[in-house]
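In what follows, a single structure is set out as structure tokens and then discussed.
The values are calculated or read from the model by the stated rules, or taken from the named source; none is laboratory data. Since we're looking at a predicted model, the values are computed, not measured. All Cβ positions, even for glycine, are placed from backbone atoms using ideal geometry, and neighbour counts span all protein chains on display. Just so you know, the surface numbers come from the protein's heavy atoms only, side chains and all, with ligands and any DNA or RNA stripped out. Shrake-Rupley method; radii C 1.70, N 1.55, O 1.52, S 1.80 Å.
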Protein chains: 2
Amino acid sequence: MADKKIPYKIYLEESEMPRAWYNLRADMKNKPAPLLNPATMKPMTAEDLSVVFCEELVKQELDETNAYYEIPEEIRDFYKMYRPSPLVRAYCLEEKLQTPAKIYYKFEGNNTSGSHKLNSAIAQAYYAKKQGLVGVTTETGAGQWGTALSMACSYFGLDCKVYMVKCSYEQKPHRREVMRTYGASVTPSPSMETSVGRKILAEHPGTTGSLGCAISEAVEKATNTEGYRYVLGSVLNQVMLHQSVIGLETKIALDKYDIKPDIIIGCAGGGSNLGGLIAPFMGEKIRGEADYRIIAVEPSSCPSLTRGVYAYDYCDTGMVCPLAKMYTLGSGFIPAANHAGGLRYHGMSSTLSQLYDDKLMEAVSVAQTEVFAAAEQFARVEGILPAPESSHAIKIAIDEAMRCKETGEEKTIVFGLTGTGYFDMYAYEKFHDGKMENYVPTDEELAVALAKLPKVEG
Amino acid sequence: MADKKIPYKIYLEESEMPRAWYNLRADMKNKPAPLLNPATMKPMTAEDLSVVFCEELVKQELDETNAYYEIPEEIRDFYKMYRPSPLVRAYCLEEKLQTPAKIYYKFEGNNTSGSHKLNSAIAQAYYAKKQGLVGVTTETGAGQWGTALSMACSYFGLDCKVYMVKCSYEQKPHRREVMRTYGASVTPSPSMETSVGRKILAEHPGTTGSLGCAISEAVEKATNTEGYRYVLGSVLNQVMLHQSVIGLETKIALDKYDIKPDIIIGCAGGGSNLGGLIAPFMGEKIRGEADYRIIAVEPSSCPSLTRGVYAYDYCDTGMVCPLAKMYTLGSGFIPAANHAGGLRYHGMSSTLSQLYDDKLMEAVSVAQTEVFAAAEQFARVEGILPAPESSHAIKIAIDEAMRCKETGEEKTIVFGLTGTGYFDMYAYEKFHDGKMENYVPTDEELAVALAKLPKVEG
């Protein structure tokens, strides 16, 4: 049905790859609200931040002015090992759906970390190395971020200490081994290595941990250890900046073939992938140069944009990290079990939150059985076995393509395929066996967590 | 150190992809010996073979004359979903080794089956569909071939029945789930579904199965079920033909940048990857147009080329399949546990066996701890987490590069990186924990299995 003048996969030449990241905040009319210091409730200063983060990254975190940051050559060299990532024309999916829509996806899963996380991991490791640090600490849940950081640190010869949520450490030994292959030390959290870990273990001897606790341990370790800093894989402005490489490559590839997307779709947990994918397109939209429908997709079990409130809240469950103004379900909200571990976050990047509040993008939530059905349908025709997180975007892309079939519109849909599901087969098994459940929090449950939001003036 | 005029990854344009497979046998002076019918000990005829295999594949299996087979458009379209695969310049590995050698690898792991197996699976599924069959049967051990075939069958809407060696079925539930995602039915072997399975279960109630038994079940199921045929992922001539796409792409990419390899290296189990990678280069060598050192790498626990004999033997442990003249350790040889499951085969493709016997290629064997050490070293600098099978080639590529460092020679080394190790983390864990063993069969052990070789005249 399609004429196939566009290749199945558009790969840029190395010489066409972006040489600078794009800082969307520079073009935003309403800037995202600043992080607040939890001790003083005043905006975090560079000094406050540099206790925890590398200096160069602090600069990027606070910069609302410069639209472009040159990507250092060392990072561009690393990018060349797994980038440019392909922009794929989903001919087979279009044929299967018999839709007049043209579907493209930017596939970020062709690297060992299995996701887009490596784009920021290598940048954060580079600046740590440049500052002469010995190593970095971080937390990981499902393990994608921890794997990406392990790879990046191994490349630059940095030590990497990963606190892995204990239940994941035990349930996902294979992810742990990938990190060990790259030389990282992986500690199940809570651990006896930190005072916060010891405290939690004393209070809750049988706990299997949480992301909030692992963050607290990683931050404590970094601030208490000479030559170490803490790094984070999502939510932060610096991460959005690095991930803009996804959107920039996508735009260069589309422009090369004179393709104008109508709809851009991405899954949203903390926002790193969606923020990166949409950055240059949203820039055009804000500057009035083009118009796009931009859709964030989140799990109905953790619906921060669609059912949360826009307010200052703690970024972590342990309430030791700065506060961010964002769409949140409350830092005390514990999302129900969902196999898209990367989307189980109570909040949302403050940049994306501001854009959503300004009605520059839409948001929808979907149930996980629908997501896995879409994932399986996609895998069978497009070959790639998608990660549960990425499959949220697939589900909505298929819905939009089917809408085109009804109306006969030949819309161009671009979505972000953030990663592969090789380490998620347990979830697929539950789906195949009909044992997967959907959980949607009640209004009462949401109200309980939201009632505990911190009181912040202004 | 390197000037980096060659890109990190050479991707061909879709228009540059091979349009025909190359049948190396057409150029071989000494042709590989024919398969023998186990009932008559006479060469298998097309009629004999078509009970088990599709007609078009039988034709390919027996054809020693035609050098090229046009790749049908439907297969070329499928190839475009995951091919061309990149030819990667290993700049980071070269730098790490401080070698003057130039190292390239053809990476076949960027698809969901995680290996090159998909290149033949899609061809075999296509011809089955074209013949109007309902489905196909096969066996799988580690699961890569079964996964590839599941993907191919799902694409063409064919039923796919996979007999998976029971111990793998239980130890590798994730591979099993990938196959189920693609709609295949996966049965632990031995099963009660076939008479051979029932017989084995009656005789050995606690058995965890073997590849030989799974082959027998798959063949029985195919021959007893209307509209089904059996397919095999390695060893056969037809498989070598399809896999020639690896070598053809490699050669086109090298020629594009005017690069002449000195050494070509591949791992060898049944020979599908090595045979495919070297095909066009070996053709030039046979025709006297160029010279290359070509090296097959096998595990020292299953050293068919380096310690086997060149003789007619059964292709399967159950002795129901045809006999092939090949380098073999004896069909009764049970290789010791080795994590490179894809290399645990007692024999070798008869094409590669003939080439080796004609001294057109070399062979070496390596111990698995050396292989995993090389795998880890490679992963840390090149990013890709290699499969244990592929890592055999990495090990010898590194050895050759280090030899160049000693001599100062700027040799160009090309090796086949057949796949990724995402489903092999248990093996990596054993390696990290120092619990991996090397096993080398004694001469006495080999003699016992070789004493049972069938007596074949001529």
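Scanning the stretch A:408-439 for residues that are more than 14 Å from chain B (Cβ to nearest Cβ), surrounded by 14 or more Cβ atoms within 10 Å (Cβ to Cβ) and over 24 Å from A:Thr99 (Cβ atoms) gives A:Asn438, A:Tyr439.
Taken over the stretch B:276-290, residues that are open to solvent by 10 Å² or more (accessible area, probe 1.4 Å) and either part of a helix (DSSP H, G or I) or of a type in the set (Ser, Thr, Tyr) (or both) amount to 4. Does B:Glu249 satisfy being among the charged types (D, E, K, R), closer than 30 Å to B:Asp291 by Cα, modelled with pLDDT of 90 or more and crowded, with 22+ Cβ neighbours inside 10 Å? In short, yes.
Return the residue satisfying two criteria in turn: it lies in the stretch A:183-218 and is in contact (Cβ under 8 Å) with a residue 60 or more places away in the chain and more than 18 Å from A:His339 (Cβ to Cβ), and of such residues it is surrounded by the most Cβ atoms within 10 Å (Cβ to Cβ). Filtering first and then ranking leaves A:Ala214. Taking the numbered list (1) within 14 Å of chain B (Cβ to nearest Cβ); (2) open to solvent by less than 10 Å² (accessible area, probe 1.4 Å); (3) assigned to a helix (DSSP H, G or I); (4) closer than 24 Å to A:Gln60 by Cα in turn, A:Glu177 passes all entries but (4).
Of the listed requirements (1) at pLDDT 95 or above; (2) more than 14 Å from chain A (Cβ to nearest Cβ); (3) in contact with a Gly (Cβ under 9 Å, 6 or more places away or on another chain); (4) over 27 Å from A:Lys430 (Cβ atoms), B:Leu97 misses just one: (3).
It is to be established whether one or more residues within the stretch B:371-383 are more than 14 Å from chain A (Cβ to nearest Cβ) and modelled with pLDDT of 95 or more. Within the stretch B:371-383, none of the residues are more than 14 Å from chain A (Cβ to nearest Cβ) and modelled with pLDDT of 95 or more. Out of A:Glu61, A:Glu108, A:Glu47, one residue alone is more than 20 Å from the chain's Cα centre (by Cα) and acidic (Asp, Glu). It is A:Glu47. If the condition is being open to solvent by 20 Å² or more (accessible area, probe 1.4 Å) and either assigned to a strand (DSSP E or B) or closer than 30 Å to A:Asp77 by Cα (or both), then the stretch A:150-170 contributes A:Ser154, A:Tyr155, A:Phe156, A:Gly157, A:Asp159, A:Lys161.
Looking only at residues in the stretch B:126-148 that are within 13 Å of chain A (Cβ to nearest Cβ) and modelled with pLDDT of 95 or more, the one that is nearest to the chain's Cα centre (by Cα) is B:Ala148. Of these, A:Ala374, A:Ala393, which one is within 15 Å of A:Ile263 (Cα to Cα), open to solvent by less than 10 Å² (accessible area, probe 1.4 Å) and small (Gly, Ala, Ser)? Selected residue: A:Ala393, the only one of A:Ala374, A:Ala393 that is within 15 Å of A:Ile263 (Cα to Cα), open to solvent by less than 10 Å² (accessible area, probe 1.4 Å) and small (Gly, Ala, Ser).
Considering every residue within the stretch A:71-90, establish whether at least one is at pLDDT 95 or above, farther than 30 Å from A:Pro7 by Cα, open to solvent by 10 Å² or more (accessible area, probe 1.4 Å) and outside any helix (DSSP H, G or I). Checked the stretch A:71-90: at least one residue is at pLDDT 95 or above, farther than 30 Å from A:Pro7 by Cα, open to solvent by 10 Å² or more (accessible area, probe 1.4 Å) and outside any helix (DSSP H, G or I). Within the stretch B:42-70, the set of residues being open to solvent by 30 Å² or more (accessible area, probe 1.4 Å) and either closer than 25 Å to B:Ser15 by Cα or aromatic (Phe, Trp, Tyr) (or both) comprises B:Asn66, B:Tyr68, B:Glu70. Assess whether A:Cys302 counts as being open to solvent by less than 30 Å² (accessible area, probe 1.4 Å), modelled with pLDDT under 95, within 24 Å of A:Lys106 (Cβ to Cβ) and part of a loop (DSSP other than H, G, I, E, B). Against the criterion (open to solvent by less than 30 Å² (accessible area, probe 1.4 Å), modelled with pLDDT under 95, within 24 Å of A:Lys106 (Cβ to Cβ) and part of a loop (DSSP other than H, G, I, E, B)), A:Cys302 qualifies. For the stretch A:91-108, filtering for residues that are part of a helix (DSSP H, G or I) and touching a helix residue (DSSP H, G or I) at 6+ places or on another chain (Cβ under 6 Å) leaves 4. Only residues that are under 17 Å from A:Asp316 (Cα atoms), in a loop (DSSP other than H, G, I, E, B) and open to solvent by less than 20 Å² (accessible area, probe 1.4 Å) were counted in the stretch A:333-365, giving 5.
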